[in-house]
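The values are calculated or read from the model by the stated rules, or taken from the named source; none is laboratory data. Note that this is a predicted model, so its numbers are computed, not measured. Note that each Cβ is placed from the backbone with ideal geometry, even for glycine, and that neighbours are counted across all protein chains shown.
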Amino acid sequence: MVSDIAKHYPVLLSELISIITPQHGGTFIDCTFGQGGYTKKILSHKNTQVIALDRDIESKKKANKILEEFQDRFIFKNKKFSQLDNLKLKNENIRGVIFDLGYSYTQIKDPTKGLSFNSIGELNMQMGLNDFSAKDVINKLDVIELEKIFKFFGEEKEAKKIAVNIVKERKIKKIDTKILVELIEKTKRKKNFKIHSATKVFQALRIFVNKEISELIHGLIAATRVLEKDGVLAVVTFHSLEDKIVKYFFKSLSEKKSISRYLPKIDQPDTLFRMEEKKPRTPSPKELKENIPSRSAKLRYVIKKDNFYNFDTDIFNKFEHLIEIENFGNKLWKNFQLFF
Ligand SMILES: C[S@@+](CC[C@H](N)C(=O)[O-])C[C@H]1O[C@@H](n2cnc3c(N)ncnc32)[C@H](O)[C@@H]1O
């Protein structure tokens, strides 16, 4: 449970609205409903419909309020966006699919979720519909696995030392959030005065526990399939790994590949997307002043050029090294034993 004071301010809202243009009506999918900031703005335009998803069941309370007002134009599903395909939305005239990745301020401030290094108590970090928690990760994975998680998902330079110390410490006592923060602070000799010593390890654990890499890749692919011609796919990212994935996906499906340098570009297959802006949109100085958590937000978008639903992508190969690390979590699945 979280106090009412923790309010989430939707990031880059006016930029997003100017890109998806709900004033022309149509159906939109809000893959990360959160506190409903984007959804409410879209629904404020006549002739719009929103299908919203969120993996956090807490979002349902906000969704129920919106439902009271917009019964006939709003649907909420407590689902992960990687399951967008299961909603069987093909040919439903979807004009826009939006993702606002990361966590709402309300989630960060919820002590039971333990997403922040300021939390007290058991390690958790589950956003919702998870298979395991950060407590399982810290207590059950081996040194090499922990090191890789911290190194690749957090870009933590002292990943190895931190992993070694975790495995030593867990033999002596139960590691909760506070003990983990102290252990990281003790392990890291060089202090960085710009960010907290535990920031990178906590980012890495959140990405790992919530399988954010494969969620995003599956989500982008499913979103591309359900969009209609001229539909917009827009994504707000908050860290460099997410942004790298989105940038690659958009770029690789917007640029003609040189199959052969002897073949004129005109004869090469057309691309799936049109990219109108290569650079991401970022918060204005005014937004940065009013909403500090928006500082790392980047908004990228593409427009689908035609109604084709099957396409090839090499995105899984491109990010295979990250997916392999995420798969360390398979042995922590709560229901793992049911399979055997
Ligand atoms: C930054 S918040 C979105 C805020 C929202 N745009 C608003 O204006 O209130 C991100 C939300 O996405 C949800 N989320 C993150 N990953 C998800 C996933 N894979 N599937 C569904 N929801 C997800 C989180 O639970 C969180 O509520």
Inset, instruction - Among the helices (runs of 4 or more DSSP H) lying completely within the stretch 207-292, list those that include at least 1 residues that are within 15 Å of Phe316 (Cα to Cα) and at pLDDT 95 or above. - result: 212-226, 240-252
Legend entry - Filter pass, Asp30 being surrounded by 19 or more Cβ atoms within 10 Å (Cβ to Cβ), within 15 Å of the ligand (Cβ to nearest atom) and within 28 Å of Asn210 (Cα to Cα): yes
Legend entry - In the stretch 36-90, the residues that are assigned to a strand (DSSP E or B) and within 13 Å of the ligand (Cβ to nearest atom): Val50, Ile51, Ala52, Leu53, Phe76, Lys77
Inset, instruction - Test Asp100 against the stated conditions and say whether it is at pLDDT below 95 and acidic (Asp, Glu). - result: no
Inset, instruction - Quick one: in the stretch 96-118, of everything that is more than 12 Å from the ligand (Cβ to nearest atom) and within 21 Å of the chain's Cα centre (by Cα), which residue is surrounded by the most Cβ atoms within 10 Å (Cβ to Cβ)? - result: Val97
Legend entry - Residue in the stretch 219-234 that is nearest to the ligand (Cβ to nearest atom), counting only those that are touching an Asp or Glu at 6+ places or on another chain (Cβ under 8 Å) and closer than 24 Å to Pro10 by Cβ: Ala222
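Conditions tested, residue by residue: (1) buried (at least 19 other Cβ atoms within 10 Å of the Cβ); (2) in contact with a Leu (Cβ under 7 Å, 6 or more places away or on another chain); (3) over 24 Å from Ile20 (Cα atoms).
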| residue | (1), (2), (3) |
| --- | --- |
| Lys168 | no, no, yes |
| Glu185 | no, no, yes |
| Arg189 | no, no, yes |
| Leu205 | yes, no, yes |
| Glu215 | yes, no, no |
| Leu220 | yes, no, no |
| Lys229 | no, no, no |
Legend entry - Criterion (over 18 Å from Tyr103 (Cβ atoms), surrounded by fewer than 15 Cβ atoms within 10 Å (Cβ to Cβ) and at pLDDT 95 or above) met by exactly one of Ile144, Ile162, Ile175: Ile144
